[in-house]
1. Within the stretch A:201-211, can one find any residue that is more than 16 Å from ligand 1 (Cβ to nearest atom), touching a helix residue (DSSP H, G or I) at 6+ places or on another chain (Cβ under 9 Å), over 25 Å from residue A:146 (Cα atoms) and open to solvent by 30 Å² or more (accessible area, probe 1.4 Å)?
2. Does residue B:162 fit the bill of being open to solvent by 90 Å² or more (accessible area, probe 1.4 Å) and outside the structural domain of residue B:203 (by TED's automatic domain parsing)?
3. What single numbered condition from (1) within 14 Å of chain A (Cβ to nearest Cβ); (2) farther than 27 Å from residue B:238 by Cβ fails to hold for residue B:315?
4. Given (1) closer than 26 Å to residue A:206 by Cα; (2) out of contact with any helix residue (DSSP H, G or I) (no Cβ under 8 Å at 6 or more places or on another chain); (3) within 16 Å of ligand 2 (Cβ to nearest atom), identify the lone condition not met by residue A:52.
5. Just to be sure before I move on: is residue B:253 open to solvent by 70 Å² or more (accessible area, probe 1.4 Å) and in contact (Cβ under 8 Å) with a residue 60 or more places away in the chain in the structure I sent?
6. Please return the ranges of helices (runs of 4 or more DSSP H) entirely within the stretch B:3-104 where 2 or more residues are modelled with pLDDT of 85 or more.
7. For the stretch B:198-218, give me the residue count where each residue is farther than 20 Å from residue B:245 by Cα, in contact (Cβ under 8 Å) with a residue 24 or more places away in the chain and open to solvent by less than 30 Å² (accessible area, probe 1.4 Å).
8. For residue B:395, state whether it is within 14 Å of chain A (Cβ to nearest Cβ) and among the aliphatic types (A, V, I, L, M).
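The values are calculated or read from the model by the stated rules, or taken from the named source; none is laboratory data. As the structure is a prediction and not an experimental result, all values here were calculated from the model. Here Cβ is always computed from backbone atoms with ideal geometry, including for glycine, and neighbour counts include all displayed protein chains. Heads up: the accessible areas ignore ligands, DNA and RNA and are worked out on the full protein's heavy atoms, side chains in. Shrake-Rupley method; radii C 1.70, N 1.55, O 1.52, S 1.80 Å.
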Amino acid sequence: MVQTQRNIEVGPLPKTNETIIKCEGVNKWFGDMHVLKDVNLTINKGEVLVILGPSGSGKSTFIRTINGLEPIQKGHIEIDGVNLSHDLKDIEAIRKETGMVFQQFNLFPHMTILKNITLGPIWVKKKPKAEAEKLARELLERVGIPEQADKYPGQLSGGQQQRVAIARALAMQPEIMLFDEPTSALDPEMIKEVLDVMKELARSGMTMLCVTHEMGFAREVADRIVLFDGGEIIETGTPEKLFDNPKHERTKLFLSQIL
Amino acid sequence: MSVDLKLVEAKQMIAPPSQSFSMWVWIRKNLFNNWYNMLLTLLAGSLLVYISYATLTWVFTEAQWAVIGDNYKLFMVGQYPILALWRIWSALTMMTFMFGISAGTFKGTMLRLCYILSTIYLVHIIAPFTENTSKIWLTAQLVMLVISYFIGSKIPYAKRFNIVGWVISIPIILFFIHGFGILPVIRTNVWNGLMLTLMLAAVAIILSFPIGVLLALGRTSKLSVIKYFCIGYIELIRGIPLITILFMAQILFPLFLPTGLTIDNLLRVMLGATFFTAAYMAENVRGGLQSIPNGQYEAAKTIGLNPVQTTAFVILPQALRAIIPTIVGQSISMFKDTSLVAIVGLVDLLGIAQSVKSNPEFLGRHMEVYVFIAFVYWVIAYSMSYSSRRIEKSLGVGER
Ligand SMILES: Nc1ncnc2c1ncn2[C@@H]1O[C@H](COP(=O)(O)OP(=O)(O)OP(=O)(O)O)[C@@H](O)[C@H]1O
Ligand SMILES: [Mg+2]
């Protein structure tokens, strides 16, 4: 499990070769629209994967298939040895392994920050309340807002809310964290505080899939970058390879537009 | 991690510029700012003065209020035997006790409601027509309110105590009023007047709420049997007037029961009113459910909550908060609709009014009677809408 490692500037932990996510021939349609086309991807434990691509290319849809928010029509997804099928049991098991952070935070507005974070641990993991609250306070400390525990989401800034959302996901002690454009709804001055939390998380050895437009973050933190276009992976590689020496024409085009 | 950066030391708090708000300025700005507004103000003003003058003259010089005072017991509890009135007083004391407890625990809205309650008790203590025994009971209510308020603010596990207390108080109240054979039974046909109105409204509102929530949830169910049953029920009931339902409860309902088994008339009417209101509650709740963004469901899913937990902890609390005003509106309208039960032979507040005004002794006093019961309805309905507004405010509805 991930341990709190604050104030330590460690280099990236050595990546394992243990596969944690395996996608084989994943296909997804919305009605007649083919949104994911034969996506194959294997991710190792501890790897930080950044997903890039133009709008509408299927990045969100892909990341949401990983925890079963979007069902797929063809192909396999295997998370930590569990095959993601339509079986509710498997989906439940996988949701316990994965945490997700949304662009719009999606905090529960009627609950205090502490309640937001402890809801899952208490009701899903059946932790005693005191233990769940202790964990929640540790996590709030970790994301840098220990003093906000008793406020409501509406009383926090966007950056703070997103950090709470990260803490809420971490409270389930997941193996994998999914981020879908976590900084896109934030004012520029708040982006950094969220990215800092994500960087720290990456250094601590968490397996992460991030859809983001933050190229600085991608270059600094990603072990591997995947470029989506039109529902397909058109190129993957280390940040250096992909940014400095893109192979595919569409990658070049995309990078020229965004950089 | 983020660092606290203080760019500038805060120097001094500056008070906001004071708004000089003189009434004269306001009047000039809002009522007399141009010629047609001036004309409207004058017209409306004179109309207002005329109506208030006429009303007040009538209330204080022409009206003969003896009809109210003389029949006060009738208005309140109708034919309920005088010798058993202590049982109603006891039931009322039980209710007062719980109000006090809740006020002590939650303060806020409950406390305000208790102010209203004490005002009503006080007015009755002062009123010249109140009998002495009633005055003693009323004073007891006030004392009970104060005592229970302090208990409520001191007890441990106050919230749980409140829930349990209210739930237990209902059978206790019913026990006092009905007797259940432990005390001599007092049949429901003599439960009349305001007491009946309040009981009908309370039962219909309290029971229809959970049923309405279940129907609304059922309507969104993935199981089509449940879904279409709920839709069918809601749409059927909403297409039928309450009066018809009351008649059906009266005539049709017994046909479905095995012979020999009869259900009390009042109970049938209560059930009819409940099932009627539930259909409307369901639609209100559905509106609330629809106002919850999909992201809330997704967030709940990703932290592993199952559908029941998601509904109970995430969706319903938000949905219900959003529809407090509509729920209260529905409750007020149910409260007023109880006056229809006169048609199926129950004698509620309005029913008593009808019989009082046809009493030859009080011939021609129908105006007083109607004004009085209108006032009673208004006080209660207004208390409801007042508390709704306060609850909305304290929950911050519409501010997020
Ligand atoms: N629920 C849905 N129903 C129908 N079509 C959808 C749905 N969600 C997404 N789509 C479509 O699927 C395609 C991929 O959408 P997706 O949200 O995955 O793109 P994206 O890469 O995340 O884009 P963006 O950068 O704008 O977030 C788009 O064409 C979108 O219109
Ligand atoms: Mg997206």
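1. Among the residues of the stretch A:201-211, not one is more than 16 Å from ligand 1 (Cβ to nearest atom), touching a helix residue (DSSP H, G or I) at 6+ places or on another chain (Cβ under 9 Å), over 25 Å from residue A:146 (Cα atoms) and open to solvent by 30 Å² or more (accessible area, probe 1.4 Å), which makes the answer no.
2. Spelling it out, it is not the case that residue B:162 is open to solvent by 90 Å² or more (accessible area, probe 1.4 Å) and outside the structural domain of residue B:203 (by TED's automatic domain parsing).
3. Failing condition for residue B:315: (2).
4. Here residue A:52 meets the rest and fails (2).
5. On the way: open to solvent by 70 Å² or more (accessible area, probe 1.4 Å): yes; in contact (Cβ under 8 Å) with a residue 60 or more places away in the chain: no.
No; evaluated as a whole, the condition is false for this residue.
6. Values: elements: B:23-30, B:35-57, B:66-70, B:72-77.
Correct list: B:35-57, B:66-70, B:72-77.
7. Summing the residues that are farther than 20 Å from residue B:245 by Cα, in contact (Cβ under 8 Å) with a residue 24 or more places away in the chain and open to solvent by less than 30 Å² (accessible area, probe 1.4 Å) in the stretch B:198-218 gives 2.
8. Details: within 14 Å of chain A (Cβ to nearest Cβ): yes; among the aliphatic types (A, V, I, L, M): yes.
The answer is yes for residue B:395.
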